[in-house]
1. In the range 123-142, how many residues are open to solvent by 50 Å² or more (accessible area, probe 1.4 Å) and part of a helix (DSSP H, G or I)?
2. Among the residues of the range 207-227, which ones are aliphatic (A, V, I, L, M) and either in a helix (DSSP H, G or I) or crowded, with 20+ Cβ neighbours inside 10 Å (or both)?
3. Report, by residue number, each residue of the range 178-199 that is open to solvent by 30 Å² or more (accessible area, probe 1.4 Å) and either aliphatic (A, V, I, L, M) or touching a residue at least 24 places away in the same chain (Cβ under 8 Å) (or both).
4. Has the range 143-156 got any residue that is open to solvent by 30 Å² or more (accessible area, probe 1.4 Å), assigned to a helix (DSSP H, G or I) and closer than 15 Å to ILE218 by Cα?
5. Hey, can you tell me all the residues within the range 131-143 that are within 12 Å of LEU224 (Cα to Cα) and either among the hydrophobic types (A, V, I, L, M, F, W, C) or touching a Pro at 6+ places or on another chain (Cβ under 7 Å) (or both)?
Amino acid sequence: MVRAQARMEARLMLRNGEQLLLAIVIPVIVLVGGVAAAGRLGSTFEGHAPVDLLTPGVLALAVMSTAFTSVAIATGFERRYGVIKLLGSSPLPRHGLLLGKVLALLNVVALQLVVLVVVALALGWEPSLADPVPTVLGVLLSVALGTAAFASLGLLVAGALRAEATLALANLVYLLLMAGGGVVLPTSTYGAAGGLIQWLPSGALGEAMRSALVHADIDGRSLLVLAAWAALGTLLTARTFRWE
């Protein structure tokens, strides 16, 4: 039942034009546009080629767009139209419904990452493979904890607000974090505000991905920040989520 629910959730996410735009198109535009702009200006980031530093950030952005914005919007409208209430009365238990959403989310995130990696390699990306073990482990932990943190926060918003308010807030938060949340660019580029931004889930996810793919290192502090946000979001969602 969980596998069937996950397949259905994944199909619905990919058939929705707005969610597909958030999931794949916007991250690709940010990556290609950022690399092109940096190339015209002849600039580098912390001594690295623009594509090498932007790619981990855009991969983090893709995780955030699906795990937070898409989940929040889809769940908000499912509550509005009574879909979640009907599913809650089906043989599928509530934890199975949530598990199906998580599995569908991971499938869509995997598709996003594959598309973005192909685009990045075409742009000349050279990930750090000097020590593949921390690189691979760091990426897997970053994606898993980032997905958990943002999905719990997305469900928190969707379970507490009306669908229209969820739509507006989820898109606003996405744009604000993309522009100033330390997800695409390193937190060090934000000056004095970087010390605060690194404690945001967006900043922690971006730093963890950059540590893994640029420095072949595991950023334990950022992973702990993501784990803390995931725990906090899960606790608040469990206490406030309304099924109808």
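1. Pass one, the range 123-142, residues open to solvent by 50 Å² or more (accessible area, probe 1.4 Å): 123, 126, 129-133, 136-137, 140-141.
Then drop every residue that is not part of a helix (DSSP H, G or I), which leaves 132-133, 136-137, 140-141.
Here the count works out to 6.
2. Of the residues in the range 207-227, the ones aliphatic (A, V, I, L, M) are 208-209, 212-214, 216, 218, 223-227.
Those that are aliphatic (A, V, I, L, M) and either in a helix (DSSP H, G or I) or crowded, with 20+ Cβ neighbours inside 10 Å (or both): ALA208, MET209, ALA212, LEU213, VAL214, LEU223, LEU224, VAL225, LEU226, ALA227.
3. Passing the criteria: MET178, ALA179, LEU185, SER188, THR189, ALA192, ALA193, LEU196, GLN198, TRP199.
4. yes
5. Applying the first criterion (within 12 Å of LEU224 (Cα to Cα)) to the range 131-143 yields 141-142.
Passing the criteria: only LEU141.
The values are calculated or read from the model by the stated rules, or taken from the named source; none is laboratory data. Since we're looking at a predicted model, the values are computed, not measured. Positions of Cβ are backbone-derived with ideal geometry, glycine not excepted, and every protein chain shown enters the neighbour counts. Each accessible area value is taken on the protein alone, full model and side chains, heavy atoms only, with ligands, DNA and RNA left out. Shrake-Rupley method; radii C 1.70, N 1.55, O 1.52, S 1.80 Å.
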